[in-house]
Every structure is written in C-alpha cells, then in structure tokens.
Amino acid sequence: MKKIFGISTLALLLGMAACGGGNDKEAQLAELKQQQTEIQEQIAALEAELKAEGKGAPVEKKTVPVTVAQVQPDTFRHYLEVQGNVDFDQNVLVSAKVPGVLTSVRVKRGDKVSKGQTMATIDAQVLEQNLAEVRTRLDLARIAFEKQENLWNQKIGTEMQYLTAKNNKEALERSLATLQQQRDQYNIKAPVSGVVDDVRPNAGEAVAPGVGIIRVVNTSGSKIVAEVSEAYLTKINKGDEALVRFPDLNQEITATVDVVSRFIDPSSRTFTIELRPKNVEFELRPNLVAVVRIQDYKNEGAITVPVNLVQRDEKSQYVYVAQKQGERFVATRKEVETGMNYQGQVEVLKGLSANDQIITAGYQSVNEGQPVVFNQVSSLQQ
C-alpha cells in the first residue's frame, strides 16, 4: 500500500506542477526530485522485504530431462562407395576354332576339368577321310624310300632316285602333321584348369568361331571389378584399403586396390578398378554383386557426433552441451565447425573438446541457460 500511495502522490504532484505554471519552477522541480528519491528508496525497501519473505523472487526456468553423451576422440574415416561384381583372372568362355556341328559334349556344369582336356568335339568326317588317304600314301612312300635307300647303300641306282623317294616321304609326313593339327582344332579343349560353369549348346547344334559355348572358371584368382566416376580419379590409388560387402551372402571382407585403369570410358565417364580380396572364407561366384567402400579420407583423433545433433540458423551451426553451474547443469549452446560426414556421423573440426557432454536427446526442448537433469549418460562413439 505504501508503494502504491507513493507512486500516486508522485503522479499527483507532477500533474499539479504541469498545470500550475507557478513562478518558482526551479523550486518545484527540486521538491519533486526529492520526493522521487524518497519513493525509489521505499520501492527498494519493499522489494528487499518481499525477497526476505520468499516472495517476488525471479521465476526459475523449468528443468528439462535430457540424455547426454561424453565426446571422445576417435578415428574418423570417409569411404567412397561404388557397386562392382566378382570376376576371376581365369574366367574363360571357350569357343570353337572351326565351324561345324557338335558330335559330342563331354562335360556338364560343375565338372572339374584340367588344362587341355577335351570338353566337346565337332564333326570332322571329311578331314578324317583326308587323313586316311594321306596315311595310306605315306605308308607307300616309306616303303619306296626304304627300298631306294637300300639300293643306294649298295651303290645301285642314281642319287636323284634316292632323293626323290626321300622327298616324297618327308612331304607326306609334313602333310599328315598339318592335317592332324587341323583335326585337333575340331576338339574343343579347356584352356585352363577349373570348373565348368556353363554349357550352352547340345550335341547336334552348329557352332562357329568367336561364339562362346562353354565357360570354365578357375576360382583361385578372384577379384572385384568396379566402375568409378572420373571425379574420384585423384582420390583412388593402388594399394588403398577397402571394405567389400556381398549383400546376397550377408558377408563382408577386406580388399586392396590392385589396378587403377588409366582409360576413362567416354560414354559413362568412368574408369575401372580391380581389388584383390583378403582372407575369403566363403565361395565367391562370377558376377556376384559387391558393394565396394574405398577409404578416401582418414582423421585420427577426430571428434565426431551424430549429424542430426548439429543445428543450424542463419549465421552458424551449433550443438547443445550440458555444463555445470554451481550445483546444477545447464544447457549451453556451442557453435561448431564441421567437416566431412559419413553414415550419420559428422566430423567436428572446431567447437567441441574431449569429455564435453553433448545433449543427444531433448536438445529440441532446451534453450541457452536451461537447467537440465540427466536421464542417461553414455560415451559417444563413431
């Protein structure tokens, strides 16, 4: 009541001064200032009394329950992810060397074959007849040469007769060897040792050179082949470590970049890389889909946080951390500078230190200086 009375009195006096228009204005002003000082002293005294009685204190901010995690330095890695497929050094689609009709197919899928083993044959009846004819002529030529050689050794006959018989025999031997080589081309043989992966034609079907009919795979030399955008040409080098995942097998292995092609495909603007897998404990098959992750950036001792914790405004990026003030913790906004991000984690270059307690849940409900209480405390890992 005293406070209200004092303020009313001041207002009344000011009003009277404004309306009176007396001659001694300076005296009136001094009197009013004196009264104003007295009223302010009364107001301060009343506020002190109310505070001592527990009344009129500033309203405390509401305490918000949050989850925090301690920031810990870790190794941050960034990977380039591309899709590739499994291939083998010895993955051969064998074709016929001569055109013709298959007379037999001697292998089936899954059969193991050795290098040089005959897998199929082509009809060579005409060539067989030629071979039989040449063999017959060669037999006669050998007999004639042996007789002529005996006569020549006995100094009977002329040298020309001897040389003619020898030449006929040798010419027929060369012709027989050539025909035998031609005949061998009618046998389709395994160029490498391995497993038959595919047999396309059946006996009785026509085949031609350049058209693959039997696939042979040697699974001892596996590799992963992938096409990479030319934008990453300077970021991938031979010897780079990589992770390779096979979604269909739910398996993951490590690999090393073994080949980086120098040629850029003009249509797709990509280049080819080959990776050699390490410690493969399961079976790989040709053309199996592989997801390749090649490490193109690494920062040891980096501080990383989930990317969703980083908030943005018009001026900066920031996160909320819990800092102790007296006997309680309050939310404090910290501006940060971020780097690369990968799989939901972002690298924090500036703004956070080891053991800072970043608010990971409830950060949407806090403001600067907001009291917080912890629901859970954990360690933040990459």
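Only one of these conditions is not met by Lys115: (1) closer than 29 Å to Leu249 by Cα; (2) open to solvent by 50 Å² or more (accessible area, probe 1.4 Å). Which number is it? Status for Lys115: all satisfied but (1). Does Ile236 qualify as being in a loop (DSSP other than H, G, I, E, B), in contact (Cβ under 8 Å) with a residue 24 or more places away in the chain and open to solvent by less than 80 Å² (accessible area, probe 1.4 Å)? Against the criterion (in a loop (DSSP other than H, G, I, E, B), in contact (Cβ under 8 Å) with a residue 24 or more places away in the chain and open to solvent by less than 80 Å² (accessible area, probe 1.4 Å)), Ile236 qualifies. Among the residues of the range 285-319, which ones are touching a Leu at 6+ places or on another chain (Cβ under 6 Å) and over 24 Å from Glu227 (Cβ atoms)? Within the range 285-319, Ile303, Val319 qualify.
What do you reckon, is Asn91 touching a helix residue (DSSP H, G or I) at 6+ places or on another chain (Cβ under 8 Å) and of a type in the set (S, T, N, Q)? Criteria not met by Asn91. For the range 160-174, does any single residue satisfy the condition of being modelled with pLDDT under 95, open to solvent by less than 50 Å² (accessible area, probe 1.4 Å), assigned to a strand (DSSP E or B) and not hydrophobic (A, V, I, L, M, F, W, C)? No, there is no match, as no residue in the range 160-174 is modelled with pLDDT under 95, open to solvent by less than 50 Å² (accessible area, probe 1.4 Å), assigned to a strand (DSSP E or B) and not hydrophobic (A, V, I, L, M, F, W, C). Could you look through the range 240-265, keep only residues that are at pLDDT 90 or above, more than 16 Å from Val86 (Cβ to Cβ) and touching a strand residue (DSSP E or B) at 6+ places or on another chain (Cβ under 6 Å), and pick out the one that is surrounded by the fewest Cβ atoms within 10 Å (Cβ to Cβ)? Checking each candidate, the answer is Ile264.
Flag not set for Ser222, criterion: open to solvent by 30 Å² or more (accessible area, probe 1.4 Å) and either in a helix (DSSP H, G or I) or of a type in the set (S, T, N, Q) (or both).
Within the range 307-326, can you find the residues that are open to solvent by less than 30 Å² (accessible area, probe 1.4 Å) and either touching a residue at least 60 places away in the same chain (Cβ under 8 Å) or in contact with a Ser or Thr (Cβ under 8 Å, 6 or more places away or on another chain) (or both)? It would help to see each step written out before you state the result.
So in the range 307-326, the residues open to solvent by less than 30 Å² (accessible area, probe 1.4 Å) come out as 309-310, 316, 318-322.
Residues satisfying the conditions are Leu309, Val310, Tyr320, Val321, Ala322.
Here Glu252, Glu281 are screened, and the one residue that is without any contact (Cβ under 8 Å) to a residue 12 or more places away in the chain and not in a strand (DSSP E or B) is Glu281.
The values are calculated or read from the model by the stated rules, or taken from the named source; none is laboratory data. Model, not experiment: these values are computed from the prediction. For neighbour counting, all protein chains shown are included, and Cβ atoms are generated from backbone atoms with ideal geometry for every residue, glycine included. Keep in mind that these areas ignore ligands, DNA and RNA; they rest on the heavy atoms of the full protein, side chains included. Shrake-Rupley method; radii C 1.70, N 1.55, O 1.52, S 1.80 Å.
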